[in-house]
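Take a look at the structure below.
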Number of protein chains: 2
Amino acid sequence: MTTDDSSEDPADGDAAGPEAVERARERVIEAMERSAEIYGLNRSYGRLYGTLFFADDPVSLDELVAESGYAKSTISTAMKDMERLHLVHRRSVPGEGKKAFFEAERDFWTVLQEFLRREVRREIDTMTRALEEAEAALEGVDDERARSDLEKVRDLRRTYERSEQLVGILTGSSVDRLTGLVDRLRRE
Amino acid sequence: MTTDDSSEDPADGDAAGPEAVERARERVIEAMERSAEIYGLNRSYGRLYGTLFFADDPVSLDELVAESGYAKSTISTAMKDMERLHLVHRRSVPGEGKKAFFEAERDFWTVLQEFLRREVRREIDTMTRALEEAEAALEGVDDERARSDLEKVRDLRRTYERSEQLVGILTGSSVDRLTGLVDRLRRE
DNA sequence: CGGAATATTCGGTTGATGCCGAATATACCG
DNA sequence: CGGTATATTCGGCATCAACCGAATATTCCG
């Protein structure tokens, strides 16, 4: 209970400003930690992404160590992982030797597209192959259970065909095209 | 190395048929285990889902225990979890007392829609709130860093607005409408 | 082609998760 | 309103994943 509280006065800007900025960042970064969790990633990834998100220039590993408190090895692994997911990009700065710098990918559409291309597409392929093999095996069998299974397998294969088409549309279209599409659909 | 191998002859149907059906099922169920993994679920969930997928009628906990070998408690938890994700439905059969039966949801569009409604929507809300708060806090600060952060926060908020619109479209449309939409887009 | 700066890999440790079986709670039936 | 059949919860063990720091590998520069 000191004399100064409730920093509504812009005259306090010099003192309250920087720490207000820090608090605002922290607030957003914590939300990013939660988001990471929701999408099956580590909380630490959310924090590291957030640090990169607010940086004006690419950030080195050592700076990330200083900022986050994680071990360098942890961050190295995290960066490799997030690069794979297209959440961060590696940049090298001329004159800085081997030093690696990272920046956040801010366009989530791209991130989603890459995920579809990499993971979902592969899942669809694997499942489709399994379904085709099962279908071939079941077609030869004259059995009530086989007929019942066959029908289910064929239904699922149709679902997966549809999904593949959708993934094709989503990964084949540019971000701009998709954005326009969403706008159009929203008005319909 | 017995006399009968290579079951290409339909006359062997009686002997080779049932085990061929079993193999076909197992093949698909294994693919489902992998898929579960890809989408951040437990492998066991893939197997349990697969068992339900091939069943013609709702399946009881005890039957799932017999089929899968997992402990009843494990399956009970798994079912609760998959119900939350709308991957399985609980059915009660009149005259069967308290006994619970489960069946697989085969329409993945529904599953995806429910995920968007439940998890993604909540993520968007949380993040949006954090961004709005940060925005409000930063607007009052006269500082270069604050201005830079503010711009980034606003950009991200716009992205999230777009995402929310898209989620709205996807969760608001019926499965049929979406299917038709995909068809139309594919032809464009 | 060394050597300095940096990144990556790897074994070990600690905390989280999956699964089990016993204990408990719940729903239905007579 | 018991009693029985069933589901759920909970504590404990085993396995797995995150993280660390030391050891190794890589890159770049002189």
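None of the figures in this text is laboratory data; all of them are computed from the coordinates on show. Model, not experiment: these values are computed from the prediction. Methodologically, a virtual Cβ is constructed for each residue, glycine included, from the backbone with ideal geometry; neighbour enumeration extends over all protein chains shown.
Across the identical copies, the 7 Å label point of B:Ser60, projected outward along Cα→Cβ, sits 6.8 nm from its counterparts, in ascending order. Summing Cβ point charges (Lys, Arg +1; Asp, Glu -1) relative to the Cα centre of the range A:33-142 gives a dipole of roughly 580 debye. Ordering B:Ala146, B:Trp109, B:Thr126 by Cα displacement along the dipole of the range B:109-187 toward the positive end leaves B:Trp109 in first place; charges were set at the Cβ atoms of Lys, Arg (+1) and Asp, Glu (-1). Using the Cβ atoms and a cut-off under 13 Å, what net charge is assigned to the surroundings of A:Gly40, where Lys and Arg are +1 and Asp and Glu are -1? Summing Lys/Arg as +1 and Asp/Glu as -1 gives -4. The calculated Kirkwood hydrodynamic radius for chain B is 20.9 Å, given to one decimal from all distinct C-alpha pairs. Farthest toward the dipole's positive end in chain B, which of B:Ala137, B:Ile75, B:Gln165, given Cβ charges of +1 (Lys, Arg) and -1 (Asp, Glu) about the Cα centre? Farthest along the dipole direction, towards plus: B:Ala137.
Across identical copies of the chain, A:Arg84 has label-point separations of 2.6 nm, listed in ascending order, with the point defined 7 angstrom from Cα along Cα→Cβ. When A:Asp125 is represented by a point 7 angstrom out along its Cα-to-C-beta vector, the spacings to that point in the other copies are 3.9 nm, nearest first. Taking 0.36 nm per residue of sequence separation and removing the Cα-Cα distance, the A:Gln165/A:Arg122 pair yields an extension gain of 14.1 nm. Each Lys and Arg contributes +1 and each Asp and Glu -1, all at the Cβ; summed about the Cα centre of chain B, the dipole is approximately 800 debye.
Within 10 Å of the Cβ of each residue in A:23-31, the mean number of Cβ atoms contributed by other protein chains is 6.
Dividing the summed helix terms, -39500 (n - 2.57) for each DSSP H run of n ≥ 4, by the number of residues in chain B produces a 222 nm estimate of -22500 deg cm²/dmol to the nearest 500.
Shielding by partners for B:137-147, please: the mean number of other protein chain Cβ atoms within 10 Å of each residue's Cβ.
Other-chain Cβ atoms within 10 Å of each residue's Cβ, averaged: 5.
Considering the rotation that superimposes chain A on chain B, the residue of A whose beta-carbon lies nearest the axis, and that distance in Å, is A:Gly40, 2.
Net length available on complete extension from A:Glu83 to A:Thr179 is 32.1 nm, with 0.36 nm assigned per residue and the Cα-Cα distance removed.
For chain B, lysine pairs with C-alpha atoms less than 30 angstrom apart, excluding pairs fewer than eight positions apart on the same chain, total 5. Does the range B:10-106 come out rounded, prolate or oblate by the C-alpha gyration tensor, with a ≥ b ≥ c the root eigenvalues, rounded set by a/c under 1.5 and, if not, prolate when a/b is larger than b/c and oblate if not? Since a/c reaches 1.5 but b/c is at least a/b, the shape of the range B:10-106 is classed as oblate. Residues whose amide H falls under 5 Å from that of A:Ser173, counting only those 5 or more places apart or on a different chain, are absent, with hydrogens built in the peptide plane.
Which Cα, out of B:Tyr39, B:Ile29, B:Tyr49, lies furthest along the positive dipole direction of the range B:21-61 (beta carbon charges, K/R +1, D/E -1)? Among B:Tyr39, B:Ile29, B:Tyr49, the one farthest towards the positive end of the dipole of the range B:21-61 is B:Tyr39.
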